[in-house]
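The values are calculated or read from the model by the stated rules, or taken from the named source; none is laboratory data. Worth saying up front: this structure is predicted, and the values here are computed from it rather than measured. Quick reminder, even Gly has a Cβ in these numbers, built from the backbone with ideal geometry, and neighbours come from all protein chains shown. Surface areas here come from the heavy atoms of the whole protein model, side chains and all, with no ligands, DNA or RNA. Shrake-Rupley method; radii C 1.70, N 1.55, O 1.52, S 1.80 Å.
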Amino acid sequence: MPGQKLPAREFTVTRQDLVRYAGASGDFNPIHFSDHAATRSGLPGVIGHGMLTMALTARAVTEWIGDLAGVLDHETQFKLPLLVPDDGGVTLTVTATISDPDDAGHRQLVAEATTGATVVAVSRLTIRPAVR
């Protein structure tokens, strides 16, 4: 239903998750696991991989629609890096609103991801007409 807000989905992201993601993605940039490297690069601390943040946003949406194959397109606008402290991690909260269908019947789920501050300003996923 257009304008419908979907229930919030929360993910806890820890340093251990960043190490796992680095192994899976091959992105071993030390800003994703070393406070020293992150602060030396001008960051306030270790940050999560942008693609991990984007993937969690997509995961929330695919859980809502119930069909991974239902996503036709995904574009994301990051606002801030995902800061991941070493003391238990950070909670990423994803919310989304369903748009009106376009001429082809596709809907968009427009999502946002926050940790208290907005990390993903807009994550727009286009979904097939048969899905939600």
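May I ask you to say which residue of Ala111, Ala69 is open to solvent by 40 Å² or more (accessible area, probe 1.4 Å), closer than 28 Å to Pro2 by Cα and either touching a strand residue (DSSP E or B) at 6+ places or on another chain (Cβ under 6 Å) or not basic (Lys, Arg) (or both)? Full working, then the answer.
Details: Ala111 fails: open to solvent by 40 Å² or more (accessible area, probe 1.4 Å).
So the residue among Ala111, Ala69 that is open to solvent by 40 Å² or more (accessible area, probe 1.4 Å), closer than 28 Å to Pro2 by Cα and either touching a strand residue (DSSP E or B) at 6+ places or on another chain (Cβ under 6 Å) or not basic (Lys, Arg) (or both) is Ala69.
Considering only the range 48-73, state which residues are in contact with a helix residue (DSSP H, G or I) (Cβ under 8 Å, 6 or more places away or on another chain) and under 29 Å from Gly88 (Cβ atoms). Don't jump to the end; show me each part of the working.
Quick first cut of the range 48-73, residues in contact with a helix residue (DSSP H, G or I) (Cβ under 8 Å, 6 or more places away or on another chain) only: 48-49, 51-52, 62, 68, 70-71.
Within the range 48-73, Gly48, His49, Met51, Leu52, Thr62 qualify.
Name the residues in the range 30-70 that are among the aromatic types (Phe, Trp, Tyr) and assigned to a helix (DSSP H, G or I), would you?
Taking the range 30-70 as the starting set, the residues that turn out to be among the aromatic types (Phe, Trp, Tyr) are 33, 64.
Selection gives Trp64 alone.
Any residue that is charged (D, E, K, R) and over 20 Å from Trp64 (Cα atoms) - is there at least one of those in the range 86-98?
Scanning the range 86-98, I find at least one residue that is charged (D, E, K, R) and over 20 Å from Trp64 (Cα atoms), so the answer is yes.
Within the range 72-84, count every residue that is under 21 Å from Thr114 (Cβ atoms) and either surrounded by 13 or more Cβ atoms within 10 Å (Cβ to Cβ) or hydroxyl-bearing (Ser, Thr, Tyr) (or both). Show your work before the answer.
At the first step, the residues of the range 72-84 found to be under 21 Å from Thr114 (Cβ atoms) are 74-84.
Narrowing further to those that are either surrounded by 13 or more Cβ atoms within 10 Å (Cβ to Cβ) or hydroxyl-bearing (Ser, Thr, Tyr) (or both): 74, 76, 78-84.
Qualifying residue count, the range 72-84: 9.
Among the listed residues Asp87, Asp27, Asp73, which satisfies the condition of being without any contact (Cβ under 8 Å) to a residue 12 or more places away in the chain and not in a helix (DSSP H, G or I)? It would help to see each step written out before you state the result.
Details: Asp27 fails: without any contact (Cβ under 8 Å) to a residue 12 or more places away in the chain; Asp73 fails: without any contact (Cβ under 8 Å) to a residue 12 or more places away in the chain.
Testing whether each residue is without any contact (Cβ under 8 Å) to a residue 12 or more places away in the chain and not in a helix (DSSP H, G or I) leaves just Asp87.
Examine the range 36-47 for a residue that is within 19 Å of Val94 (Cα to Cα) and either under 19 Å from the mean Cα position of the chain (by Cα) or free of Cβ contacts under 8 Å to residues at least 24 places away in the same chain (or both), and state whether such a residue exists. Give the steps one after another, and end with the answer.
First pass over the range 36-47, keeping only residues within 19 Å of Val94 (Cα to Cα): 47.
Keeping just the survivors that are either under 19 Å from the mean Cα position of the chain (by Cα) or free of Cβ contacts under 8 Å to residues at least 24 places away in the same chain (or both) gives 47.
Yes, there is a match, as at least one residue in the range 36-47 is within 19 Å of Val94 (Cα to Cα) and either under 19 Å from the mean Cα position of the chain (by Cα) or free of Cβ contacts under 8 Å to residues at least 24 places away in the same chain (or both).
Please name all residue pairs, on different chains or six or more residues apart, with Cβ atoms under 8 Å, provided the first residue is in the range 91-113 and is within 27 Å of Val13 (Cβ to Cβ) and modelled with pLDDT of 90 or more and the second residue is exposed (fewer than 13 other Cβ atoms within 10 Å of the Cβ) and polar (S, T, N, Q).
Within 8 Å, the pairs are Thr91/Thr12; Leu92/Thr12; Thr97/Gln4; Ile98/Gln4.
State which residue is farthest from Ala121 (Cα to Cα) when the search covers only the range 16-54 and only residues that are buried (at least 18 other Cβ atoms within 10 Å of the Cβ) and among the small types (Gly, Ala, Ser).
Ala38
Within the range 55-66, track down each residue that is open to solvent by 20 Å² or more (accessible area, probe 1.4 Å) and among the polar types (S, T, N, Q).
Of everything in the range 55-66, just one residue is open to solvent by 20 Å² or more (accessible area, probe 1.4 Å) and among the polar types (S, T, N, Q), namely Thr62.
Of the numbered conditions (1) open to solvent by 70 Å² or more (accessible area, probe 1.4 Å); (2) of a type in the set (Ser, Thr, Tyr); (3) not in a helix (DSSP H, G or I), Thr95 fails exactly one; give the number of that condition.
(1)
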